[in-house]
Amino acid sequence: MLTETIIDTRNADWTIPQHWERFTPEEHRVWDVLFARQSEALKGRAVADFFRGLDVLRLSRPGIPDLEELNERLFARTGWTIVSVPGLVPDDVFFEHLSKRRFPAGNFIRAADSLDYIEQPDVFHDVFGHVPLLAQPAVADFMQAMGAEGLAAMRAGALHRLARLYWYSVEFGLALEQGETRIYGAGLLSSFGESRFALESPEPRRSRFDLPQVLRTRYRSDAFQQAYFVIDSFDALLRLLNDADLAALYEELAEAGDLDPGVEYLP
Ligand code: HBI
Ligand code: FE
């Protein structure tokens, strides 16, 4: 029998060194293919701020971004830093990072033969999907506030509600821009199929963003969404979170039932 000694080099906050030099040419190529395909797919679909932030990712070398170089640019814009983690981290660790303006990125990339399928957020989702908008000041502040609210929701036993807010904004949010609906959620920005589906399919429901409704709406993480919520602007979203008394809302909603994302809700 073979015995292996696994040396756990993880830090308490689950961060690990990126070891950029250890990515293979094949892994860098997967990033480049995804980057080119997705930048093209998002033309006319993503919010303007996404394209403004995308140059943060145009580094001196192609391939998976070297976080040291990326962080110099991102930090200069909004004070955010990307840290490497092995994959999904516990909720408290995740929110603690956000509350300190650090975004955890999975230190691996999907395989070349399954460009559209990932079980866990990889470096393409985390960096291509989240970083460009972290260069936008209102989103940068919103994400930090989500970190603090995540920790508070855990203490209040209401993490499922905060998770819905995160899901329907940060991951799958839509925004109105000059009368057109656009994508800003990272789950959409990094998905070839759902970036089209979210805007063009007649199937899903698209409602104006309403905080109590969002907090009550269930979601699926294993299929395209059946409901999307549309914000007016990032400033409006940030204001909404700053002005909300989430603890009071959680109490108020304790009696209200959950909503099915596939069913129209009439307030
Ligand atoms: N960990 N690496 C990583 N990335 C996430 O997006 C993430 C996580 N842990 C928990 C978590 N997300 C969820 O709690 C939030 O999406 C609500
Ligand atoms: Fe994400």
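Points worth noting:
- Packing here is the average count of other Cβ atoms within 10 Å per residue, and on that basis the peptides 12-22, 216-226, highest first, run 216-226, 12-22.
- The mean accessible area for residues of the chain, using a 1.4 Å probe and ignoring ligands and nucleic acids, is 49 Å² per residue.
- Over the chain, relative contact order from alpha-carbon pairs under 8 Å, at least 6 apart, %: 18
- Modelled spin labels at Ala247 and Arg218, positioned 7 Å past Cα toward Cβ, are 3.0 nm from each other.
- Length gained on full extension, Phe197 to Ser39, computed as 0.36 nm times the residue gap minus the Cα-Cα distance: 55.2 nm.
- The chain: DSSP helices with Cα axial extent of at least 27 Å and average Kyte-Doolittle hydropathy no lower than 1.0: none
- Entry note, the range 41-130: relative contact order of 22 percent, from Cα contacts under 8 Å with a spacing of 6+ residues.
- Rg then Dmax, both in Å and based on the Cα atoms of the chain: 18.6, 65.
- 5 angstrom amide H check on Phe103, placed H, neighbours 5+ away: Thr81, Ile82, Val83
- The charge dipole of the chain, taken about the Cα centre with unit charges on the Cβ atoms of Lys, Arg (+1) and Asp, Glu (-1), comes to about 460 debye, rounded to the nearest 20.
- Stretching Glu72 away from Ser114 to a fully extended chain increases their span by 12.0 nm, per 0.36 nm per residue minus the current alpha-carbon distance.
- Helix-only CD estimate at 222 nm, as mean residue ellipticity for the chain, using -39500 (n - 2.57) per DSSP H run (n ≥ 4): -12500 deg cm²/dmol
- Accessible surface of the range 52-113, 1.4 Å probe, proportion on carbon and sulfur as whole %: 50
- Label point at Ser60 placed 7 Å out along Cα→Cβ; residues across the range 12-32 whose backbone nitrogen lies under 18 Å: 19-22
- The range 143-163 residues near the modelled Ala254 label - backbone nitrogen below 16 Å, point 7 Å along Cα→Cβ: 153-162
- Positive-pole candidate from Phe172, Gln213, Ser60, dipole of the chain, charges at beta carbon: Ser60
- For Phe108, the residues 5 or more places off, or on other chains, whose built amide H falls under 5 Å of its own are Val123.
The values are calculated or read from the model by the stated rules, or taken from the named source; none is laboratory data. As the structure is a prediction and not an experimental result, all values here were calculated from the model. Cβ sites come from the backbone with ideal geometry, for glycine too, and all protein chains shown count toward neighbours. Keep in mind that these areas ignore ligands, DNA and RNA; they rest on the heavy atoms of the full protein, side chains included. Shrake-Rupley method; radii C 1.70, N 1.55, O 1.52, S 1.80 Å.
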